Amino acid sequence: MWISVIEKAWAKVKGSYFAAQGGRIENALRTLAGIPVENFRMSKIRSQSQAHQFWKKLKDADDRGYYMGAGTSGGQNDNNVCGIINMHAYTVIAIFKLDYTNSTSTTPQKMIVARNPWGRSEYKLEWSGSDPRWNDEKLRAQVPLGIDPR
């Protein structure tokens with residue numbers, strides 16, 4: 001939850017969330033917490049190999065207990081796609097693989113648990129909190145930190 005606290009403090013320092021560059025948390029982490037920051041852009045991933053390396057870095061950072069945030073680019077309003085808001089910061093709470101097998105997939109699902117500090121909008125596609133697969137207690141038990149994804 002520290003990411004959200006740091007984001008709010010940074011917005012206070014800058015005068016507003018917009019002035020703090022919306023969904024970009026790295027300036028706040030670097031300035032207020034003295035945390036070294038590495039920035040990744042999903043739009044730069046062009047191959048499965050790059051996607052795999054990106055996932056490994058995220059998982060390693062999570063395993064080491066690093067603070068992580070995610071941000072979106074886009075317009076200067078609250079428009080969203082599938083519940084993900086433009087120009088917004090999210091707290092990354094956990095990264096894990098979910099052992100899930102069905103008729104089309106035997107590969108573990110790569111999952112990210114993120115929190116919207118506004119609490120007003122929620123991801124709405126596959127594996128969202130309303131996905132009926134989360135009714136399976138064995139799947140819910142794999143989510144770290146005792147989080148119920150529903």
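The values are calculated or read from the model by the stated rules, or taken from the named source; none is laboratory data. Just so it is clear, the structure is predicted and the values come from calculations on it, not from any experiment. Cβ placement follows ideal geometry from the backbone for every residue including glycine, while neighbour counts extend to all protein chains displayed.
So which pairs qualify, if the first residue must be in segment 35-54 and without any contact (Cβ under 8 Å) to a residue 24 or more places away in the chain and assigned to a loop (DSSP other than H, G, I, E, B), the second must be charged (D, E, K, R) and surrounded by 10 or more Cβ atoms within 10 Å (Cβ to Cβ), the Cβ gap must be under 7 Å, and the two must be at least 6 apart or on different chains?
Once the first residue is without any contact (Cβ under 8 Å) to a residue 24 or more places away in the chain and assigned to a loop (DSSP other than H, G, I, E, B) and sits in segment 35-54, its partners that are charged (D, E, K, R) and surrounded by 10 or more Cβ atoms within 10 Å (Cβ to Cβ) give Val37/Glu26; Val37/Arg30; Asn39/Glu26.
Among the residues of segment 100-120, which ones are assigned to a loop (DSSP other than H, G, I, E, B) and either within 17 Å of Asp148 (Cβ to Cβ) or among the aliphatic types (A, V, I, L, M) (or both)?
Tyr100, Asn116, Gly119
Take the conditions surrounded by 13 or more Cβ atoms within 10 Å (Cβ to Cβ) and polar (S, T, N, Q) and apply them to Asn135. Does it pass? Break it down into steps so the answer makes sense when it comes.
On the way: surrounded by 13 or more Cβ atoms within 10 Å (Cβ to Cβ): no; polar (S, T, N, Q): yes.
When the stated conditions are applied, Asn135 does not pass them.
Given the conditions (1) part of a loop (DSSP other than H, G, I, E, B); (2) out of contact with any Cys (no Cβ under 8 Å at 6 or more places or on another chain); (3) of a type outside the set (Gly, Ala, Ser), which single one is not true for Lys124?
Tallying (1) part of a loop (DSSP other than H, G, I, E, B); (2) out of contact with any Cys (no Cβ under 8 Å at 6 or more places or on another chain); (3) of a type outside the set (Gly, Ala, Ser), Lys124 fails exactly one: (2).
Residue-wise test of (1) touching a Pro at 6+ places or on another chain (Cβ under 8 Å); (2) at pLDDT 75 or above; (3) farther than 30 Å from Ala19 by Cβ.
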{"position": "Lys59", "(1), (2), (3)": "no, yes, yes"}
{"position": "Asp78", "(1), (2), (3)": "no, no, no"}
{"position": "Lys97", "(1), (2), (3)": "yes, yes, yes"}
{"position": "Arg120", "(1), (2), (3)": "no, no, no"}
{"position": "Leu125", "(1), (2), (3)": "no, yes, yes"}
{"position": "Arg133", "(1), (2), (3)": "no, yes, yes"}
{"position": "Arg140", "(1), (2), (3)": "yes, yes, yes"}
{"position": "Arg150", "(1), (2), (3)": "no, yes, yes"}
